[in-house]
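Inspection log for the structure reproduced underneath, given as structure tokens.
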Amino acid sequence: MKLAEPELEPALPRAALPLNWPAPEALGFGQVLAPYLVVSDHDGEGWSAAQVLERDDARLAIASGGLQYGLSVFEGMKAYRSPDGGIHLFRPDMHLRRLNASAQRLHLPAVDEALFLRSCVQAVQIHEAMLPPAGRGSLYLRPTIHADEEALGLKQASRHRYSVTVTPSSDPLPKSLRLWAETELIRAAPGGLGAAKTGANYAAGLSGLLRARERGYDDVIWLDAATHRWLGEAGTMNLFVQIGERLLTPPLDGTILAGVTRDSLLQLARASGIDAVEQAVSLDELRHAAASATLGCAFGCGTASRIVRIAGIGTAQGDIAVPDNGLPARLGARLKAVQEGSVADYPSWRVRL
């Protein structure tokens, strides 16, 4: 993707840092919402020119299809400051493709490349002061499309709004989680919304998360809807498991989100000589691999978290202990370097402002 000229827009407002602004490491994720939105409206014919609104002034139609019937989709993308002080977006082309694929599934209008790129660039420029230094965090962007027509009754709306929300975020810290394999509830089923990045997916997962925590675990591993045998996602993250010499991740069968981080890690792992493949993995296979000492590691991944090691998986038959062979940390460090531009590899993944 290439930015259209002019690249800089000096007339945009610039958010100033409030007093007592926290250090980058104290920002966390999603807790500090930036003051401006970039928005565009669709009237059934096309998108309007993007405009900048103060977040507190942005209206929300209470009876809209977006709020009442869940007709909304979103993306999660990051902007980083590179070691030379420049700023870039990470893989915006893949995020745009996924946003529009999600929109098609929910009968929402697609966003064209020019509007998507310019709105994301504007959102970053406005909040540049909030972007942490290189290596210490990012600006997380939340492009969203929602039905904005106010009327009750499920239908395809005639008016929609596209917006970009920003939250400055800390660099994810290395951590490990213990997960519970959920065998009663389901998050997604074939033919459903599992491959769309929409609020319904996340609402369907909340009970599983809370049930896992009630059992003393950190999060949930979702299994297939029909048999509860096959591994799906790890909470809101894509899942990887290394068994023997192979690094496995469940295939995109329509119930799993096509993660941008997932795709990046598959490419990075293969480039480093790891046999990384998309292949179904059962809970029984995981248990057998642990018992036979062929289980190397397991981890979840996503834009917000990068890589999170999985230390154990709880089941009704007992916990499965997951060793740590160092691969999650190595892949995480490699991904961080590529995302932030501290290495020159994969230049097409970084779109510089």
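The values are calculated or read from the model by the stated rules, or taken from the named source; none is laboratory data. Nothing here was measured: the structure is a model prediction, and the numbers come from that model. Cβ: placed from backbone, ideal geometry, glycine included. Neighbour counts: every protein chain shown. SASA here: full protein model, heavy atoms, side chains in, ligands and nucleic acids out. Shrake-Rupley method; radii C 1.70, N 1.55, O 1.52, S 1.80 Å.
Among ASP219, ASP275, what's the order by accessible area (1.4 angstrom probe), most exposed first?
Working: ASP219 30, ASP275 70 Å².
Greatest to least solvent exposure: ASP275, ASP219.
Report in % the part of the accessible area of the stretch 30-178 that belongs to carbon and sulfur, leaving out ligands and nucleic acids; probe 1.4 Å.
Details: 3110 of 6170 Å².
C and S fraction of accessible area: 50 percent.
On the full set of protein chains, 1.4 Å probe, figure out the accessible area of LEU209 and give it in Å² to the nearest 10.
So the heavy atoms of LEU209 present about 40 Å² to solvent.
With every protein chain present, what accessible area does TYR36 have (1.4 Å probe, heavy atoms only), rounded to the nearest 10 Å²?
50
Whole angstrom only: what separates the Cα centroid of the stretch 55-93 from the Cα centroid of the stretch 132-148?
6
Viscosity 1.306 mPa s, temperature 10 °C: what is the translational diffusion coefficient of the stretch 119-264 from Stokes-Einstein with a Kirkwood Rh over Cα pairs, rounded to a whole number of µm²/s? Intermediate values should be presented prior to the final figure.
Values: Rh = 18.0 Å.
The Stokes-Einstein estimate is 88 µm²/s.
May I have the count of lysine pairs in the chain with C-alpha atoms under 23 Å apart, counting pairs 8 or more residues apart or located on different chains?
On the way: LYS2/LYS78; LYS2/LYS336; LYS78/LYS175; LYS78/LYS197; LYS78/LYS336; LYS155/LYS197; LYS175/LYS336.
Number of lysine pairs found: 7.
Rolling a 1.4 angstrom probe over the protein chains, ignoring ligands and nucleic acids, what is the accessible area of ARG334 in square angstrom, nearest 10?
80
Restricting to bridges with both residues inside the chain, how much of the DSSP beta-bridge set is antiparallel, in percent to the nearest 5?
Looking only at bridges with both residues in the chain, the antiparallel portion is about 80 percent.
Report the full-extension gain for the segment ASP93 to ARG330: residue separation times 0.36 nm, less the Cα-Cα distance, to one decimal in nm.
Numbers: separation 237, 0.36 × 237 = 85.32 nm, distance 2.59 nm.
Stretched out fully, the ASP93 to ARG330 stretch lengthens by 82.7 nm.
What FRET efficiency, computed as 1/(1 + (r/R0)^6) with R0 = 41 Å and r the Cβ-Cβ distance, is obtained for LEU53 and SER292, rounded to the nearest 0.05?
On the way: r = 58 Å, r/R0 = 1.41.
Efficiency computed from Cβ-Cβ geometry: 0.10.
Rounded to the nearest 10 degrees, what's the angle between the helix 260-271 long axis and the longest principal axis of the chain, both from Cα atoms, 0 to 90?
Approximately 60 degrees, to the nearest 10.
Sorted by accessible area (1.4 Å probe), largest first, how do TRP222, TRP180 line up?
Numbers: TRP222 10, TRP180 35 Å².
The most accessible residue leads, giving TRP180, TRP222.
Evaluate the distance, in nm, between pseudo-label points positioned 7 Å from the Cα of SER207 and of TYR346 along their respective Cα→Cβ axes.
About 3.7 nm separates the two model spin labels.
Using 1/(1 + (r/R0)^6) with R0 = 25 angstrom and r between the beta carbons of ASP253 and LYS175, what's the FRET efficiency to the nearest 0.05?
My answer for the efficiency is 0.30.
If you stretched the chain out fully between LYS155 and ASP319, how much longer would it get, using 0.36 nm times the residue separation minus the C-alpha to C-alpha distance? Let's see the in-between values first.
Working: separation 164, 0.36 × 164 = 59.04 nm, distance 4.59 nm.
Here the segment from LYS155 to ASP319 would lengthen by 54.5 nm.
What number comes out for accessible area per residue over the stretch 251-353 if the probe is 1.4 Å? Units Å², please. Please report the intermediate quantities before stating the final value.
On the way: 4100 Å² over 103 residues.
It amounts to 40 Å² per residue over the stretch 251-353.
So what are the radius of gyration and Dmax for the Cα set of the chain, in Å?
That works out to 20.6, 63 Å for Rg and Dmax.
Sort 123-129, 186-192, 295-301, 268-274 by the packing proxy (mean of other Cβ within 10 Å over each peptide's residues), most packed first.
Details: 123-129: 20.3, 186-192: 17.1, 295-301: 25.1, 268-274: 14.7.
Highest-to-lowest ranking by the protection proxy: 295-301, 123-129, 186-192, 268-274.
For TRP21, TRP230, give me the order by solvent-accessible area with a 1.4 Å probe, most accessible first, ignoring ligands, DNA and RNA. Walk me through the numbers on the way to the answer.
On the way: TRP21 65, TRP230 85 Å².
Sorted by accessible area, descending: TRP230, TRP21.
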